[in-house]
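Structure, as structure tokens:
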Amino acid sequence: MKKTFLEGAIASEFIAESIAKHQSKHSIGAHNIFLGQVRSDEIEGKQVTAIEYSAYEEMANEKLHEIRESAFEKFDLTCLHIYHSLGRVKVGEICFFVFVSAKRRMQVYEATEYLVNQVKEQVPIFGKEIFENEDFQWKVNS
Amino acid sequence: MKKTFLEGAIASEFIAESIAKHQSKHSIGAHNIFLGQVRSDEIEGKQVTAIEYSAYEEMANEKLHEIRESAFEKFDLTCLHIYHSLGRVKVGEICFFVFVSAKRRMQVYEATEYLVNQVKEQVPIFGKEIFENEDFQWKVNS
Amino acid sequence: MIKVHYFGIIAEAAKSEGETISSPGITLKSLIGDLTEKYQLDSYEFQIAVNRKIVKEMDGLELKDGDEIALLPAFSGG
Amino acid sequence: MIKVHYFGIIAEAAKSEGETISSPGITLKSLIGDLTEKYQLDSYEFQIAVNRKIVKEMDGLELKDGDEIALLPAFSGG
């Protein structure tokens with residue numbers, strides 16, 4: 001089972017290491033990366049300062065396995081990686097990292113979009129938007 | 001005029017720094033990154049070991065400026081960055097880095113794809129595929 | 001024993017992340033009915049997973065020892 | 001003076017990255033004709049840029065002092 005969940009924000013150094021690890025794979029010609037960054041939305045006059053993520057990890061990991069398999073069936077990919085934060089991620093920080101690699105570039109954009117949408121729709125992850133005064137509301141994906 | 005051309009391969013640390021610089025922009029919710037990596041193609045029994053890039057830089061910079069403007073017109077983006085190597089880039093190394101950021105994710109994949117295709121089609125960059133024995137051939141984009 | 005998990009706004013309403021329930025032969029429908037009453041979940045929308053699979057149709061589903069139930073509000077990852 | 005730039009396989013054929021040519025009143029067409037003959041470029045495909053813009057139609061284009069010409073083979077960035 002590949003590891004998806006990371007505690008806290010996803011550091012840019014972690015992303016750099018993931019990229020560097022692929023430099024030994026000489027059949028790869030194209031990478032596409034999606035990064036979700038916590039946005040400082042204003043909701044009814046209150047400013048979001050962080051999102052706190054929780055997940056039903058056992059089910060999420062099973063679902064992520066299915067999503068990975070389906071992406072390899074749909075698209076001609078060399079490899080793919082999905083990472084998502086758990087716990088508190090502050091505005092401006094990265095909470096979601098999808099990384100697709102392929103021989104040629106044609107399908108990488110669509111594959112990334114597919115994976116991002118599948119994770120958002122199918123994987124039991126729950127985000128709590130924290131406001132300045134520690135008030136909060138449960139996030140609903142749009 | 002924004003700087004696009006970098007001497008040699010694009011380091012994963014440079015990519016990490018570019019990502020980190022966007023963490024102060026709290027209106028951004030989604031990034032999409034395309035990376036072109038030099039592939040070890042086999043051409044008539046010979047293995048590509050590197051690509052040596054040259055460019056008509058003055059024209060390329062004018063063209064890149066137009067491409068950037070057109071992308072901002074077509075897509076709802078917060079910012080975008082395009083980097084391309086000059087000189088020799090070895091197999092497995094990154095030669096092309098397109099970085100798109102937006103409030104929401106909807107258009108980022110298409111915007112990246114547009115930029116990648118525009119650069120490949122419109123910008124006077126020339127790649128020379130170097131084989132093991134220092135033999136070479138001029139690259140033709142497919 | 002049946003393990004029940006609560007997530008997100010449901011965990012908040014139940015003031016708990018889960019509990020273990022012993023009700024031999026209970027149906028999913030009556031278990032959910034009991035929990036909805038106990039924690040006043042009427043106004044919440046949630047899906048139900050049994051053994052980590054979303055259940056579309058509760059009718060006729062009898063729970064057995066070791067089953068893992070989860071009450072899942074709208075997903076909001078990413 | 002007209003500045004001429006060669007790139008990629010054309011630079012290789014010309015064994016040069018460019019040169020400065022003094023031919024007052026020369027047309028683009030005859031300049032390209034001269035260069036094609038000088039460097040035997042008949043078998044190469046290339047586009048022509050005048051002052052960093054691709055020229056689709058050479059006919060009737062008279063060059064003036066300070067113009068910058070480039071012979072550009074197929075682009076292969078990325």
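What to note about this one:
- Per-region count, the stretch A:27-45, residues surrounded by fewer than 16 Cβ atoms within 10 Å (Cβ to Cβ) and part of a strand (DSSP E or B): 2
- Scanning the stretch A:39-61 for residues that are within 15 Å of the chain's Cα centre (by Cα) and either more than 8 Å from every other protein chain (Cβ to nearest Cβ) or of a type in the set (D, E) (or both) gives A:I51, A:E52, A:E57, A:A60, A:N61.
- Check on A:T78, in contact with a Ser or Thr (Cβ under 6 Å, 6 or more places away or on another chain), at pLDDT 95 or above and of a type in the set (S, T, N, Q): yes
- Residue within the stretch B:3-26 that is basic (K, R), under 18 Å from B:V116 (Cα atoms) and either part of a helix (DSSP H, G or I) or over 15 Å from the mean Cα position of the chain (by Cα) (or both) present: no
- Restricting the stretch A:117-142 to residues that are closer than 16 Å to A:E42 by Cβ and within 14 Å of chain C (Cβ to nearest Cβ) leaves a set whose member that is modelled with the lowest pLDDT is A:S142.
- Summed over the stretch A:22-80, residues that are within 21 Å of A:K139 (Cβ to Cβ) and among the hydroxyl-bearing types (S, T, Y) total 5.
- Selection from the stretch B:98-116 of residues that are within 8 Å of chain A (Cβ to nearest Cβ) and of a type in the set (A, V, I, L, M): B:V108, B:V116
- Of note, B:E52 satisfies the criterion of being assigned to a strand (DSSP E or B), surrounded by fewer than 21 Cβ atoms within 10 Å (Cβ to Cβ) and in contact (Cβ under 8 Å) with a residue 12 or more places away in the chain.
Each row is one residue, and each column tells you yes or no for (1) under 13 Å from D:M1 (Cα atoms); (2) within 14 Å of chain B (Cβ to nearest Cβ).
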residue: D:E17; (1), (2): no, yes
residue: D:I21; (1), (2): yes, no
residue: D:L35; (1), (2): no, no
residue: D:L61; (1), (2): no, no
residue: D:D65; (1), (2): yes, no
residue: D:L72; (1), (2): no, yes
residue: D:G78; (1), (2): no, yes
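The values are calculated or read from the model by the stated rules, or taken from the named source; none is laboratory data. Computed from a prediction, not measured in an experiment: that's the story for all the values here. Positions of Cβ are generated from backbone atoms using ideal geometry, with glycine treated the same way; all protein chains shown enter the neighbour counts.
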